[in-house]
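A.B. asks: Quick one: this structure, given as C-alpha cells, is what I'll be asking you about.
The values are calculated or read from the model by the stated rules, or taken from the named source; none is laboratory data. None of the values given here were measured: they were computed from a predicted structure. Neighbour counts run over all protein chains shown; Cβ positions are idealised from the backbone, glycine included.
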Amino acid sequence: MKTHQKKQQNYRIQVDMEQSLQPERSDAFSFDAINASITGRTPTARYLSDIQTIFADQMACHTLLAQNPLLYCVTQIEDHNDEGDLHYGLAVLMPGKVGREYFMTKGHIHAWRPAAEVYIGLRGRGMMLLEDERTGECRAVPLAANSTVYVPGYTAHRTINVGDEPLVYWGVLSSAAGHDYGAVAERNFRLVVVEQDGQPVVMERTDFLAELVEAAA
C-alpha cells in the first residue's frame, strides 16, 4: 500500500511539473539560444528588400538586392498588456555586409518616448547605435554574448552584427512602449558602422557618404 501511494504521489508531482511547463497563460516558453527560436511562436523575418533604404551605400544595396538576403528575424512575446506588464522578443541578426556596411536592423524609437529597454546578448558579436532624440547625441556600444545594453528613454536604437556568426539577443521593454519606425526612417542615424581593414569602424554618416561619392568619381 505504501509503495502504491508513493508511486501515485510521484506521478502527481510529475504531472504537476509537466503542467507547470505548459504556457496556459502564455507565462512560460522554451527557447533556443543558438537558433533564436521560441517554441510555438512564429518569427517575423526582414529581408534586404524590406529595409533597403537604411543603407548609405545604395549602389551596393541595389547590387545585393538580386540575392535579397535574410537580414534578421524577431520573435515577439506581447501577450500581457496591462499596466506594469512587459513585452520581450528574441532576435537573430545575420552576419554579412552591404558594401562596407554591416547587416543591421531597421532601428526604432519607442512610441512612448520615456520607455527604456534592455538588450541581453546570447550569441555573436555586435554593436548598438543609441541616438538621443532630444540632444542628437549618437554613440555606439558593444552588444555580445553574455553582455547587456541599457537603452534609455527618448533614445533611438539599432543593432548591428559586426561578427562572422549570427548575433542572438533578447530585448525586454514595457508593454506600453510601442515602436515608432517612422521617426527613424525620416532621419536615419547620424553614425554608421563600416568595415575598414577587416575591423568595424564607427563613422559619421555624412563622412561615409562623402567617401562613397569620392570613390565613385
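A.B. asks: From Ser175, Ser147, which residue is farther than 24 Å from Ala60 by Cβ and in contact with an Asp or Glu (Cβ under 6 Å, 6 or more places away or on another chain)?
C.D. replies: Ser175
A.B. asks: Now, a different point. Exactly one of these conditions fails for Thr63: (1) among the polar types (S, T, N, Q); (2) in contact with a Pro (Cβ under 8 Å, 6 or more places away or on another chain); (3) farther than 18 Å from Thr159 by Cα. Give me its number.
C.D. replies: Failed condition: (2).
A.B. asks: With the requirement that a residue be farther than 15 Å from Asn35 by Cα and either of a type in the set (A, V, I, L, M) or assigned to a loop (DSSP other than H, G, I, E, B) (or both), what does the stretch 60-77 give you?
C.D. replies: The answer is Ala60, Leu64, Leu65, Ala66, Gln67, Asn68, Pro69, Ile77.
A.B. asks: Run Phe208 past the list (1) exposed (fewer than 14 other Cβ atoms within 10 Å of the Cβ); (2) under 24 Å from Ala60 (Cβ atoms) and report the number of the one that doesn't hold.
C.D. replies: Going through the list (1) exposed (fewer than 14 other Cβ atoms within 10 Å of the Cβ); (2) under 24 Å from Ala60 (Cβ atoms), Phe208 breaks only (1).
A.B. asks: In the stretch 97-110, what count of residues is obtained for those that are in contact with an Asp or Glu (Cβ under 8 Å, 6 or more places away or on another chain) and part of a strand (DSSP E or B)?
C.D. replies: Total meeting the criteria: 6.
A.B. asks: Would you point out which residue out of Ala156, Ala215, Ala185 is in a helix (DSSP H, G or I) and closer than 15 Å to Ile54 by Cβ?
C.D. replies: Going through Ala156, Ala215, Ala185 in turn, just one is in a helix (DSSP H, G or I) and closer than 15 Å to Ile54 by Cβ: Ala185.
A.B. asks: Just one of (1) surrounded by 10 or more Cβ atoms within 10 Å (Cβ to Cβ); (2) more than 22 Å from Leu90 (Cα to Cα); (3) at pLDDT below 95 trips up Ala56, so point out which.
C.D. replies: (3)
A.B. asks: Give the residues of the stretch 146-200 that are in contact with a helix residue (DSSP H, G or I) (Cβ under 8 Å, 6 or more places away or on another chain) and either of a type in the set (Ser, Thr, Tyr) or more than 20 Å from Val118 (Cα to Cα) (or both), sorted by residue number.
C.D. replies: Matches in the stretch 146-200: Ala185, Asn188, Arg190, Leu191, Val192, Val194.
A.B. asks: Identify the residue in the stretch 189-204 that is under 16 Å from Ala60 (Cβ atoms) and surrounded by 15 or more Cβ atoms within 10 Å (Cβ to Cβ) and, among all such residues, is farthest from the chain's Cα centre (by Cα).
C.D. replies: Met203
Rundown of residues vs (1) more than 13 Å from the chain's Cα centre (by Cα); (2) assigned to a strand (DSSP E or B); (3) within 27 Å of Thr53 (Cα to Cα), yes/no style:
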position: Glu83; (1), (2), (3): yes, no, no
position: His87; (1), (2), (3): yes, yes, no
position: Leu90; (1), (2), (3): no, yes, yes
position: Trp112; (1), (2), (3): yes, no, yes
position: Tyr119; (1), (2), (3): no, yes, yes
position: Leu122; (1), (2), (3): no, yes, no
position: Met127; (1), (2), (3): no, yes, yes
